[in-house]
1. Working carefully through the options B:A156, B:A150, find the one that is in a loop (DSSP other than H, G, I, E, B), within 14 Å of another protein chain (Cβ to nearest Cβ) and more than 25 Å from the chain's Cα centre (by Cα).
2. Within segment A:62-120, track down each residue that is more than 24 Å from A:P272 (Cβ to Cβ) and among the aromatic types (F, W, Y).
3. Which condition does A:C94 not pass, out of (1) within 14 Å of chain B (Cβ to nearest Cβ); (2) touching a helix residue (DSSP H, G or I) at 6+ places or on another chain (Cβ under 8 Å); (3) farther than 14 Å from B:G151 by Cα, if it passes all the others?
4. Being surrounded by fewer than 22 Cβ atoms within 10 Å (Cβ to Cβ), away from chain A (no Cβ under 14 Å) and farther than 30 Å from B:P28 by Cα is true for just one of B:L189, B:L103, B:L211. Which residue is that?
5. Quick one: is A:D117 surrounded by fewer than 21 Cβ atoms within 10 Å (Cβ to Cβ) and over 22 Å from A:T234 (Cβ atoms)?
6. Out of the residues in segment A:108-141 that are hydrophobic (A, V, I, L, M, F, W, C) and not in a loop (DSSP other than H, G, I, E, B), state the one that is nearest to A:S186 (Cα to Cα).
7. So, B:L140, is that one more than 12 Å from every other protein chain (Cβ to nearest Cβ), closer than 30 Å to A:R155 by Cβ and at pLDDT 90 or above or not?
8. Hey, which of the helices (runs of 4 or more DSSP H) in segment B:34-147, taking only ones fully inside, have at least 3 residues that are under 30 Å from B:V218 (Cβ atoms) and within 22 Å of the chain's Cα centre (by Cα)?
Amino acid sequence: MNTPIFSASFRAIHESLGGLHSPPQSSPGSHGLPVDLEIYGLRKSNPAPEVKIQLDGVHRDFHQPQNGCVQALIDINLDIRSGEFVCIVGPSGCGKSTLLHLMAGLDQPTRGEIRIDGRRVEGPGPDRILIFQDLGLFPWLTVRQNVEFGLRMKRTSRRDAHSCARHYLKLVHLSHFENYYIHQLSGGMRQRVALARSLAIQPDVLLMDEPFAALDAQTRDLLHDELERIWSETAQTIIFVTHNVREAARLGDRVVVLTFRPGRIKSQFPVPLSRPRHMEHTNVAMVASQVMEELREEIQKSVRMEYGNENGA
Amino acid sequence: MKMALSQASFYFVLLCIWQAIAQAKIWPPYLFPTPLGVWDSLRAGFTDHTFWMGIGVSMKRMVLGYGLSAILGIALGMLLATNKFWEDTLGRLVVSLQSLPSLCWLPLAILWFGLNEKAILFVVVMGSLLSVTISTETGLKSVPRIYSMAGRNLGARGLGLFFHVLLPASLPHLASGLKQGWAFAWRSLISGEMIFVTLGLGQLLMMGRDLNDINQVVAVMVLIVVIGFLTDALFFRLIEASIQRKWGLKPAS
């Protein structure tokens, strides 16, 4: 749906599409162009068939005994197409992870609703899987048993689970490590086990929460390549949360910027670059710098907030 | 290897000192046994099968009583870990009851069941049930939230989530609780057996006293220690080692 502007310069793209999916009531920082309303209205009445995930006016409040009610997410409206790779960036504490937990069904929105294939999300489901920042690999199981876990829960026969796990371990180049325990693996290998474990249940949607944040740059680059390759083979929809703007521009078809506390959608950037891409490509860097410009203000807000807390303000 | 050597030499020196003190004849031989006397007593006990029978009877009670308390303790721990009401009420009671030495249950058990097998099983169960319960509860509660979230995320629900995620995730705690429970059960059993006539190792110990045979007393004591050590080394150590190997935990020592 973004094809007409693919040839335009990035600055123009930004300006014309900055707020394409923003809510009709303009939130701070959103570009309230009239066209937004139209598209938004259209979507609401007649969801396009290729839309995979719809976030419709999603709010999430947390009640904390010391601070009262904290608004983590405000009025998130987002359509994600089937097979799209969407990266969500924002400063720490903007509710990125909360958003993923909501989509995974591990948490419920205070208001609004999330639909996947038009059906309301009410709990975790086999159609989507969240890869946690801390992975949550099971230390009492071997690598292969970890990958088989989701299949065994679906009551797949032992033999089928076995061969399926083999397949996905091969896909992430871990065939030789199937009988290892998790603590025997390096950080990058653990990431790949988590990826294989999630892919094995063949979800339509892969939700990833800063999966590569703790890795060194070389390992991360390799995993970017692998993720891009696997994505192109499986045609899954991926929502990838990160605080690394370059990573977002490297991977995403679209980059969504969230504001700092409370989190709302500030702006969105399509990334019309051909694949395979590379972290060091200049056009990736260009997109990244534009996203960064948008994000800088939010990061400063978050830093000020933390300084304020330091000084006991 | 080096450890085995130092342990062997330690026990050898210990036996030598023991023998030397005995030979000094500071105390009369019916008060202070010699290593050789204990050895003879052990040999005699095993050749006339009294020790074998004692071990057999005691182990049967252990397997029954401990098995029962492991099952009940895990079930009770599950209840306490998952239900706030039971945690606040029964959970507190369990903790306070643990301050009661298990032998204190014996008079009650005798009044309830009479001088029989049931009374002694009751004492064994009461001796180890509470520590298994408490360790199951803490084990389940200390499972990092990420595991249950990952499990739910991968499609585990209800009992599946419990048996495939929560229980294995709390295994390190659970294993040490079960091990402690075994030690408590063993102590409760021997003390219980000493109080009334029921065959078993505790009974053999008291028989030694009644016969004024200090060698038998010490021989049975040695037997009790060795059996306790062997079950620990052959069973619980292996389980712990397997957990440590899988989880990549460092051995405690």
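1. On the way: B:A150 fails: in a loop (DSSP other than H, G, I, E, B).
Just one listed residue meets the conditions, B:A156.
2. A:F62
3. It fails just one condition, (1).
4. B:L103
5. no
6. Applying the filter and picking the extreme gives A:I131.
7. yes
8. B:50-82, B:105-113, B:117-141
The values are calculated or read from the model by the stated rules, or taken from the named source; none is laboratory data. In this text, all values refer to a predicted model and were calculated from it rather than measured experimentally. We place every Cβ from the backbone using ideal geometry, glycine too, and count neighbours over all the protein chains shown.
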